[in-house]
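The values are calculated or read from the model by the stated rules, or taken from the named source; none is laboratory data. The model shown is predicted, which means the values in this text are computed figures rather than measured ones. Neighbour counts run over all protein chains shown; Cβ positions are idealised from the backbone, glycine included.
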Amino acid sequence: MATITFEAYIGAGPGWADIGANTVVFCSSLTDLATAITVAAYQDGTHIGNGTPGTDQCGANHANNVKYVDSTHFILNGGSSEVINDTNLTNDECTLRLHFAHGSAVAVTGARLYCYDGSTVTTRATGLDVQAFESGVVAEAWTTINDDSGATGGDNTDERLDLADSSSATDHYWYTAISVSPETVGAKSAFSFGLALTYS
């Protein structure tokens, strides 16, 4: 049996925990998930909520907030701007850990993280700009995975974050930073993230 889980670095430890049926909430506060992001700005807080946004489910430690500054810089949890690379942004500082598990050892190829409208995986989310980064692969720049006004997004070639291949194992992990900016006023609940891959 194969499973895919999205995990956040939260809790008393903190440690990586499956967010389950909860949602990733991007907002403008490190402590209050109900504060809206200004149009054209990127989020100052990332939380795990039990609705849209619902109440905070992060526990003792909030999910890491990795804010896009420009194509090669980020701000972690309200700190100062840094160059985005594996030295400055470690695995445990990322927004999400993507976890693919299989009952027997398999190799994974063609893995990718994408943003879509929550209904059709090849359709971009409306009213949003979304940036993504994979830690641990010597990347040095963000990748745009959704740009509504630029007609980018969904599980389409060159419109998603291609993830590293993974050799034979029962558990496979990808550490990703995600940053979101609204293009228009209003709640943006009709968007989702997806993980697709091939294993053998």
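Name the single residue, out of those in the range 154-172 being part of a strand (DSSP E or B) and either modelled with pLDDT under 95 or of a type in the set (A, V, I, L, M) (or both), that is farthest from ALA196 (Cα to Cα).
Looking at the filtered set, the residue picked out is ALA169.
I need a count of the residues in the range 25-59 that are in contact (Cβ under 8 Å) with a residue 40 or more places away in the chain, hydroxyl-bearing (Ser, Thr, Tyr) and surrounded by 14 or more Cβ atoms within 10 Å (Cβ to Cβ).
Summing the residues that are in contact (Cβ under 8 Å) with a residue 40 or more places away in the chain, hydroxyl-bearing (Ser, Thr, Tyr) and surrounded by 14 or more Cβ atoms within 10 Å (Cβ to Cβ) in the range 25-59 gives 2.
Using the structure shown, decide if LEU163 is within 23 Å of ASP70 (Cα to Cα), among the hydrophobic types (A, V, I, L, M, F, W, C) and in contact with a Pro (Cβ under 9 Å, 6 or more places away or on another chain).
Numbers: within 23 Å of ASP70 (Cα to Cα): yes; among the hydrophobic types (A, V, I, L, M, F, W, C): yes; in contact with a Pro (Cβ under 9 Å, 6 or more places away or on another chain): no.
Spelling it out, it is not the case that LEU163 is within 23 Å of ASP70 (Cα to Cα), among the hydrophobic types (A, V, I, L, M, F, W, C) and in contact with a Pro (Cβ under 9 Å, 6 or more places away or on another chain).
Going through the range 45-64 one residue at a time, which ones are part of a loop (DSSP other than H, G, I, E, B) and over 14 Å from the mean Cα position of the chain (by Cα)? Give the derivation first.
Pass one, the range 45-64, residues part of a loop (DSSP other than H, G, I, E, B): 50-55, 57-64.
Within the range 45-64, ASN50, GLY51, THR52, PRO53, GLY54, THR55, GLN57, CYS58, GLY59, ALA60, ASN61, HIS62 meet the criteria.
If you check every pair at least six apart or on different chains, which have Cβ atoms under 6 Å apart with a residue in the range 60-74 that is touching a residue at least 40 places away in the same chain (Cβ under 8 Å) and basic (Lys, Arg) first and a residue that is buried (at least 17 other Cβ atoms within 10 Å of the Cβ) and not in a strand (DSSP E or B) second?
Sorted first by the residue in the range 60-74, then by its partner, the pairs are LYS67/TYR42.
Could you list, in sequence order, the residues of the range 65-123 that are in a strand (DSSP E or B), surrounded by 14 or more Cβ atoms within 10 Å (Cβ to Cβ) and either of a type in the set (Asp, Glu) or modelled with pLDDT under 95 (or both)?
Matches in the range 65-123: GLU82 only.
Given the conditions (1) under 19 Å from GLY45 (Cα atoms); (2) out of contact with any Cys (no Cβ under 8 Å at 6 or more places or on another chain); (3) at pLDDT 95 or above, which single one is not true for TYR175?
(2)
Looking at the structure I just gave you, is ALA40 in a loop (DSSP other than H, G, I, E, B) and out of contact with any helix residue (DSSP H, G or I) (no Cβ under 9 Å at 6 or more places or on another chain)?
For ALA40, the condition - in a loop (DSSP other than H, G, I, E, B) and out of contact with any helix residue (DSSP H, G or I) (no Cβ under 9 Å at 6 or more places or on another chain) - is met.
What's the total number of residues in the range 138-155 that are in contact (Cβ under 8 Å) with a residue 40 or more places away in the chain and surrounded by fewer than 16 Cβ atoms within 10 Å (Cβ to Cβ)?
3
Would you please name the residue that is farthest from THR184 (Cα to Cα), looking only at residues in the range 133-152 that are among the hydroxyl-bearing types (Ser, Thr, Tyr) and part of a strand (DSSP E or B)?
Taking the candidates together, the pick is SER135.
Of all residues in the range 178-190, how many are at pLDDT 95 or above, within 15 Å of ILE145 (Cβ to Cβ) and assigned to a loop (DSSP other than H, G, I, E, B)? Walk me through how you get there before you give the answer.
Filtering the range 178-190 down to residues at pLDDT 95 or above leaves 178-185.
Checking the rest, the ones that are also within 15 Å of ILE145 (Cβ to Cβ) come to 178-181, 183.
Of the ones still in play, those that are also assigned to a loop (DSSP other than H, G, I, E, B) are 183.
Result for the range 178-190: 1.
Do we have ASP32 as assigned to a loop (DSSP other than H, G, I, E, B) and within 17 Å of TRP142 (Cα to Cα) here?
It is false that ASP32 is assigned to a loop (DSSP other than H, G, I, E, B) and within 17 Å of TRP142 (Cα to Cα).
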